[in-house]
Amino acid sequence: MPTQDLVQSLFDYESETGHLRWSKNRVGRAEAGCRAGTCVRGTRVVCVHKKQYTVRQIVWLYHRGTMPTSKIYPINGCANDTRIENLTLAKDQHWIDAERLRHLLSYEQDTGHFRWKNGRGPRAKTGTIAGRNRFGYNQIHVCGRRYPAHRLAWLYMTGEWPQNDIDHINRNRSDNRWCNLREATRSQNNMNRGPTKANKSGFKGVSWSKCNSKWIARIKVGKKYKHLGCFTSKEDAANAYNRASEIVHGDFGYSNPVVG
């Protein structure tokens with residue numbers, strides 16, 4: 001493990017840029033004054049005594065005297081901005097605030113897209129759409145953390161983090177238009193979900209009863225299920241669920257697409 005004395009003897013540190021430069025010639029490798037390190041997957045790393053470290057780790061050791069005990073994040077979100085005032089330990093890192101978010105990204109209310117205001121390398125060029133789809137949700141990696149885009153949209157528009165879930169009104173997880181988002185409790189969010197993959201009827205709240213040889217409709221009220229009746233057709237059962245959902249769940253209720 002390198003020490004503070006060792007790294008201070010190997011490198012000169014530029015406080016304005018955060019760059020490390022070799023203080024002495026390295027035979028066959030680099031001359032004194034050359035910037036130290038190479039980029040690996042977007043992060044600058046440097047080799048010290050045949051072991052690879054991130055430049056952020058070495059800068060931290062250079063100034064603090066100890067190797068960081070947890071991952072280091074750049075406060076401004078720029079991976080290669082290694083100025084010591086821009087570095088923070090993971091355990092000390094706070095959630096991004098609205099001001100910082102609006103500085104880094106712009107939000108299009110009509111499309112739900114976030115775009116980078118300032119380029120952050122080949123994967124995040126100025127003007128390009130930020131984020132990637134993970135499990136149906138668009139997620140954006142910014143300031144050392146990965147955030148769901150729908151929660152960032154709420155922060156961007158209101159200036160505050162939501163206290164509850166953010167519900168997609170049309171149930172499309174990737175549709176982050178402002179008109180499609182609303183704050184909801186976990187219970188309300190579940191009300192707006194469609195039938196699960198295990199549902200064999202194709203309609204929420206509808207299942208087949210082997211005992212009665214009929215379709216049963218039921219709806220969840222609080223933590224219990226309320227029986228709505230037995231029906232010959234699953235469409236009639238689905239309509240019964242829809243009527244109950246409108247009354248019990250209100251604006252958050254899911255309505256089965258039934259003809260007739």
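The values are calculated or read from the model by the stated rules, or taken from the named source; none is laboratory data. From a predicted model like this one, the values you see are computed outputs, not experimental measurements. Neighbour counts are summed over all protein chains in view; Cβ atoms, including those assigned to glycine, are modelled from backbone coordinates with ideal geometry.
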- Query: Pairs, please: C-beta under 6 Å, at least 6 apart or cross-chain, first residue closer than 17 Å to MET191 by Cα and in region 210-228, second among the charged types (D, E, K, R) and in a strand (DSSP E or B)?
  - Reply: ILE219/LYS226; TYR225/ARG218; HIS227/ARG218; LEU228/ARG218
- Message: Quick test of your reading of the structure: ILE169 fulfils all but one of (1) surrounded by 19 or more Cβ atoms within 10 Å (Cβ to Cβ); (2) more than 30 Å from LYS71 (Cα to Cα); (3) among the aliphatic types (A, V, I, L, M). Name the failing condition by number.
- Response: (1)
- Across region 15-29, what is the number of residues that are within 16 Å of LEU61 (Cβ to Cβ) and assigned to a loop (DSSP other than H, G, I, E, B)? 4
- Could you tell me whether region 43-56 includes any residue that is in a helix (DSSP H, G or I) and surrounded by 12 or more Cβ atoms within 10 Å (Cβ to Cβ)? yes
- Task: Please state which one of VAL248, VAL258 is aliphatic (A, V, I, L, M), within 34 Å of the chain's Cα centre (by Cα) and surrounded by fewer than 19 Cβ atoms within 10 Å (Cβ to Cβ).
- Result: VAL248
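Could you please find all residues in region 106-160 being hydrophobic (A, V, I, L, M, F, W, C), in a strand (DSSP E or B) and more than 14 Å from the chain's Cα centre (by Cα)?
Filtering region 106-160 for residues hydrophobic (A, V, I, L, M, F, W, C) gives 114, 116, 124, 129-130, 135, 140, 142-143, 149, 152-155, 157.
Keeping just the survivors that are in a strand (DSSP E or B) gives 114, 116, 129, 140, 142.
Residues satisfying the conditions are TRP116, ILE129.
Scan region 96-113 and tell me whether some residue there is hydroxyl-bearing (Ser, Thr, Tyr) and crowded, with 19+ Cβ neighbours inside 10 Å.
Filtering region 96-113 for residues hydroxyl-bearing (Ser, Thr, Tyr) gives 106-107, 111.
Imposing the further condition that a residue be crowded, with 19+ Cβ neighbours inside 10 Å reduces the set to 107.
Among the residues of region 96-113, at least one is hydroxyl-bearing (Ser, Thr, Tyr) and crowded, with 19+ Cβ neighbours inside 10 Å, which makes the answer yes.
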- Which one of these is in contact with a His (Cβ under 7 Å, 6 or more places away or on another chain) and over 19 Å from PRO68 (Cα atoms): ARG35, ARG41, ARG21, ARG29? ARG35
- Message: Among the listed residues GLY65, GLY37, identify the single one that is more than 29 Å from the chain's Cα centre (by Cα), farther than 28 Å from ASP97 by Cα and in contact (Cβ under 8 Å) with a residue 60 or more places away in the chain.
- Response: GLY65
- Flagged pairs (Cβ under 7 angstrom, 6 or more apart or on separate chains; first in region 45-62, charged (D, E, K, R); second not in a loop (DSSP other than H, G, I, E, B)) are ARG56/ILE72; ARG56/LEU87
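Here's the yes/no breakdown for (1) more than 30 Å from TYR62 (Cα to Cα); (2) touching an Asp or Glu at 6+ places or on another chain (Cβ under 8 Å); (3) modelled with pLDDT of 90 or more:
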| residue | (1), (2), (3) |
| --- | --- |
| THR88 | no, no, no |
| GLN93 | no, no, no |
| ALA98 | yes, yes, yes |
| LEU105 | yes, no, yes |
| GLN109 | yes, no, yes |
| HIS113 | yes, no, yes |
| TRP116 | yes, no, yes |
| ARG120 | no, no, no |
| ASN138 | yes, no, yes |
